[in-house]
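Following: one structure in structure tokens, then a few remarks.
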Amino acid sequence: MYEWHWHIEWQTPYEYHAHAIKKVIAEEKSEFQRVLLVELFRFGKSLIIDGKVQSTVSDEYIYHETLVHPLLLSLNSPKDVLILGGGEGATLREVLKHKSVNQAVMVDIDPVVIEFAKKYLQEWHQGSFDDPRTKLIIGDGYKYVKETKERFDAVVLDLTDPIKDSPSQLLYTVEFYKHVKAILKENGGIVTQATSPSFSLDTFSAIYNTLRNVFKYVSASIAYIPGFDSLWGFVYASDSVNPSSIAGKQIDNLIRERIAGELKFYDGETHEMIFSIPKNIRSKLETE
Ligand code: SAM
């Protein structure tokens, strides 16, 4: 039919999504994963790891704004933020928009992803790797959390999905979340990407409920990401704050006071939308 090359992404063992590839920009098998950077006809430049689209230039802001801002705005003036994963540098970009942040430590396991990001993903990181508040560490996030003596206001987990034998698998466990809790300052909080409620509701729910074993307040948001052709889930957890209980109007005020730079997706109205979880998904989260 069409004489294009396709990137086939399996959503479940029974269905896949096919993206037509305009060109392959770079490809490398690292020590940890297969890293591929392509230009897709529909979504433009896209980072793909082990066959899964991580983000596309046309809609990465939806994912990264939803991951970062609800948690950081719910905290009282976060200063020290830890990001685990986040190779593209876009989570770092969003964290650094918070005027209160003095230090953003980012720990990603894969030097190849970082090298690709610095070389090809300028639109994502927008120079955030060179910000004087950034401390970039190449290493395993689990090991870093277990060994660090530093304490953080917020920990942002922007990791690959918890697939068996992937380098991120252990960073979705109760044991790991307990280690994260131990490095949070009083009144701190964490957020994790939590896979697709459309294609892997069980996993989304498992992440939510694993966090409920460790933290007092746990809330979930969902946003549709066109490049994933799916709803995407995010889970926020803390012993003292709960982003989902903040009213949209208050979010607009907090954005005005505390964020430098533009947001393209997240504001008070969007906040109310992403924390409105439909009944079928809510029931799944609550019945685990
Ligand atoms: N948006 C993404 C998605 O859809 O899943 C996640 C983006 S980001 C590219 C994921 C990053 O997590 C990768 O750069 C990968 O190297 C990193 N990563 C995986 N396991 C890790 C670990 N144990 N410690 C630190 N970084 C890790």
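Tabulated data
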| read-out | value |
| --- | --- |
| Hits in region 242-270 (condition: closer than 18 Å to residue 192 by Cβ and either of a type in the set (Asp, Glu) or part of a helix (DSSP H, G or I) (or both)) | 243, 244 |
| Condition met for residue 61 (among the aromatic types (Phe, Trp, Tyr) and touching an Asp or Glu at 6+ places or on another chain (Cβ under 8 Å)) | no |
| Residue identified as among the polar types (S, T, N, Q), more than 9 Å from the ligand (Cβ to nearest atom) and in a strand (DSSP E or B) among 46, 77 | 46 |
| Selection within region 271-286 - assigned to a loop (DSSP other than H, G, I, E, B) and in contact with a helix residue (DSSP H, G or I) (Cβ under 6 Å, 6 or more places away or on another chain) | 275 |
| Answer residue from region 56-74, given it is more than 18 Å from residue 18 (Cβ to Cβ) and of a type in the set (Ser, Thr, Tyr) and is farthest from the ligand (Cβ to nearest atom) among those | 74 |
| Single residue of 160, 173 found to be within 9 Å of the ligand (Cβ to nearest atom), farther than 21 Å from residue 79 by Cα and either at pLDDT below 95 or in the same structural domain as residue 68 (by TED's automatic domain parsing) (or both) | 160 |
| Selection count where residues are in contact (Cβ under 8 Å) with a residue 24 or more places away in the chain, out of contact with any helix residue (DSSP H, G or I) (no Cβ under 8 Å at 6 or more places or on another chain) and not polar (S, T, N, Q), scope region 124-162 | 8 |
| Selection within region 180-196 - closer than 19 Å to residue 160 by Cα and either more than 15 Å from the chain's Cα centre (by Cα) or among the aliphatic types (A, V, I, L, M) (or both) | 180, 190, 191, 194 |
| Matching residues in region 1-19 - criterion: being farther than 19 Å from residue 47 by Cβ, over 22 Å from the mean Cα position of the chain (by Cα) and either touching a residue at least 60 places away in the same chain (Cβ under 8 Å) or part of a strand (DSSP E or B) (or both) | 15 |
| Residues satisfying the stated conditions in region 163-178, i.e. touching a residue at least 24 places away in the same chain (Cβ under 8 Å) and over 29 Å from residue 29 (Cβ atoms) | 174, 177, 178 |
| Criterion violated by residue 93 - all others in (1) away from the ligand (no atom under 11 Å from the Cβ); (2) surrounded by fewer than 20 Cβ atoms within 10 Å (Cβ to Cβ); (3) within 30 Å of residue 24 (Cα to Cα) satisfied | (2) |
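The values are calculated or read from the model by the stated rules, or taken from the named source; none is laboratory data. The structure presented is a predicted model; accordingly, all values stated were derived computationally and were not measured. Because the Cβ atoms are built from the backbone with ideal geometry, glycine has one as well, and the counts that use them run over all protein chains shown.
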